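The next block holds one structure in the form of structure tokens; read it before the comments.
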Amino acid sequence: MAPRVVLTGGPAAYPFRDFLTRASVDFEYRDDEGPEGVAVCTLDDGTCLTSPTLEELARHLGLYAQPSRDVYDFAIVGAGPAGLAAAVYAASEGLTTAVLEREAPGGQAGTSAKIENYLGFPEGISGAELAARARDQALKFGAEILLLRRVERGLPEDGSFRCFLADGSELRARSVLCATGVEWRRLDVEGVDRLLYAGVYYGAAASEAPGVRDKDVFILGGGNSAGQAAMHFAGWARSVTILVRGDALAATMSEYLCERIEEATNVSVRTHAELVRVDGDDWLRTITLRDTRTGEEEVLPAHALFICIGGEPRTQWATELGLAIDEWGYLITGRQALVAKPGHWPLDRDPYPLETLLPGLFAAGDVRHGSTKRVAAAVGEGAMAVSLVHRFLEGTG
Ligand SMILES: Cc1cc2nc3c(=O)[nH]c(=O)nc-3n(C[C@H](O)[C@H](O)[C@H](O)COP(=O)(O)OP(=O)(O)OC[C@H]3O[C@@H](n4cnc5c(N)ncnc54)[C@H](O)[C@@H]3O)c2cc1C
């Protein structure tokens with residue numbers, strides 16, 4: 001069957017490859033065709049879009065839904081595992097539910113090539129497939145999933161919340177769940193910004209696997225996401241080298257991944273390695289490493305570098321609303337919030353466990369202070385948030 005989209009355009013096409021991969025849209029990427037540096041998307045109905053925005057492409061593919069109502073019972077910000085789980089439970093329990101997602105469904109989990117420790121999938125499942133299944137399940141129950149909608153801030157007003165979106169529109173809801181997770185921590189190393197998408201990527205960038213066939217690939221980071229990325233690219237690349245500053249992987253990576261890495265013949269771990277520079281003309285050619293013990297530098301040829309160095313929450317808006325956050329920006333909920341910021345809670349009852357200091361605004365998943373950074377934990381919190389939202393809406397608390 002013909003793919004729904006044929007893409008050309010080298011680095012300029014990367015955001016489209018990434019979006020289509022994560023949105024589970026069948027596409028073909030032809031890196032040797034089309035004008036240099038210009039993203040061109042040719043759809044299966046013959047439509048040809050030159051340098052479109054992601055929103056334009058999504059509209060043509062029927063992935064850019066419009067909200068159907070003025071006010072929802074429940075708005076969920078973020079369609080990662082926590083947000084999608086909340087959407088499934090909320091919609092199936094009769095709440096009018098809208099999910100606002102700035103990119104594609106799946107969140108961090110959606111970028112994972114293979115999740116092997118989520119209950120019920122003994123053979124593992126790709127993050128994109130897990131996200132697609134969750135999305136379909138939420139849609140089946142009537143949730144509305146609004147992709148490519150970044151929520152910039154929210155304001156309580158007259159018993160509901162106004163969510164202001166980056167496109168200038170707004171959406172109202174009687175209760176809100178913040179399930180915005182974390183974003184990749186940025187790396188301040190010479191050359192990284194210039195070569196972004198031209199051989200240098202944040203995250204596992206599963207869409208790039210075919211492009212690294214028989215090439216030398218580097219993964220920066222020692223966590224599980226780095227390990228998964230290494231094993232994924234090992235199926236395509238000639239060599240995969242994991243770069244860590246410490247003296248071993250074991251302290252930061254799950255045992256099952258450490259074992260896989262040890263067994264893989266084309267994956268190696270380089271310890272005491274600090275990345276100091278990446279170089280290339282229009283594509284990554286070399287990386288420079290410094291040995292953290294000796295200070296010696298070495299230049300190595302490289303075709304791709306995937307930076308998997310963990311994430312941080314982006315919650316500046318929460319400060320403006322007077323919510324309690326910890327020193328890293330994670331949202332503090334429940335009674336802990338009362339302790340962290342005394343005198344800010346306006347009701348007689350205590351906040352519910354996932355409720356922030358603003359009654360009716362909840363947080364779940366990785367964005368929440370003290371959360372376990374796992375798919376199952378995010379899904380669990382998403383589900384739990386819905387039962388608390390019912391209590392809030394019923395006013396029984
Ligand atoms: C590569 C990788 C592999 C992993 N593998 C595993 C694994 O094997 N097993 C496991 O248990 N865990 C794994 N994890 C961790 C797991 O994916 C996370 O714990 C989980 O995704 C957290 O879910 P979440 O819904 O809280 O947040 P996220 O997954 O971070 O989702 C947040 C969503 O919110 C959206 N968003 C953010 N801000 C806004 C905004 N302002 N407006 C609208 N939308 C917004 C984001 O685009 C994103 O889609 C992995 C993580 C990574 C990065």
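Here are the numbers:
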| quantity | calculated |
| --- | --- |
| For region 5-60: rounded, prolate or oblate by the Cα gyration tensor [a/c cutoff 1.5] | rounded |
| Which of GLY365, ALA383, GLY395, positive extreme of dipole for region 349-397 (C-beta unit charges) | GLY365 |
| C-alpha center-to-center spacing [region 235-311, region 121-170] in angstrom | 34 Å |
| The chain - mean residue ellipticity at 222 nm from DSSP helices (-39,500 (n - 2.57) per run, n ≥ 4, rounded to 500) | -7000 deg cm²/dmol |
| Computed Kirkwood radius, in angstrom, where 1/r is averaged over Cα pairs of region 123-183 | 13.8 Å |
| Given charges at beta-carbon only (K, R positive; D, E negative), |dipole| of the chain in Debye | 780 debye |
| For region 200-311, size of Cβ-based charge dipole, Lys and Arg +1, Asp and Glu -1, in debye | 120 debye |
| Translational D in µm²/s for region 219-330 (Stokes-Einstein at 25 °C, 0.890 mPa s, Kirkwood Rh from C-alpha pairs) | 156 µm²/s |
| Leading residue at positive end of dipole, the chain (Cβ point charges), from ALA318, ALA113, ALA91 | ALA91 |
| Region 112-166: GluC sites (Glu not before Pro) in DSSP coil with no more than 12 other Cβ atoms inside 10 Å | GLU123 |
| Residues GLU394 and GLU274, FRET efficiency given R0 of 56 Å [Cβ-Cβ distance, rounded to 0.05] | 0.55 |
| Rg followed by Dmax, in Å, when the chain is reduced to its Cα trace | 21.9, 65 |
| Over region 46-108, relative contact order from alpha-carbon pairs under 8 Å, at least 6 apart, % | 31 percent |
| All lysines inside 28 Å of LYS140 as judged from Cα atoms, apart from same-chain residues fewer than 8 positions distant | LYS114, LYS373 |
| Over the chain, relative contact order from alpha-carbon pairs under 8 Å, at least 6 apart, % | 15 percent |
| Kirkwood hydrodynamic radius of region 97-238, Cα pairs, Å | 17.6 Å |
| Relative contact order (percent, whole number), region 264-350, Cα cutoff 8 Å, 6+ residue spacing | 15 percent |
| Per residue, the convex hull volume that the Cα atoms of region 1-122 enclose (Å³) | 148 Å³ |
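Read the figures in this text as sums done on the coordinates, not as results from a lab. Please read these numbers as outputs of a predicted model, since none were measured by experiment. Note: ideal-geometry Cβ built from the backbone for every residue, glycine included; neighbour counts use all protein chains shown.
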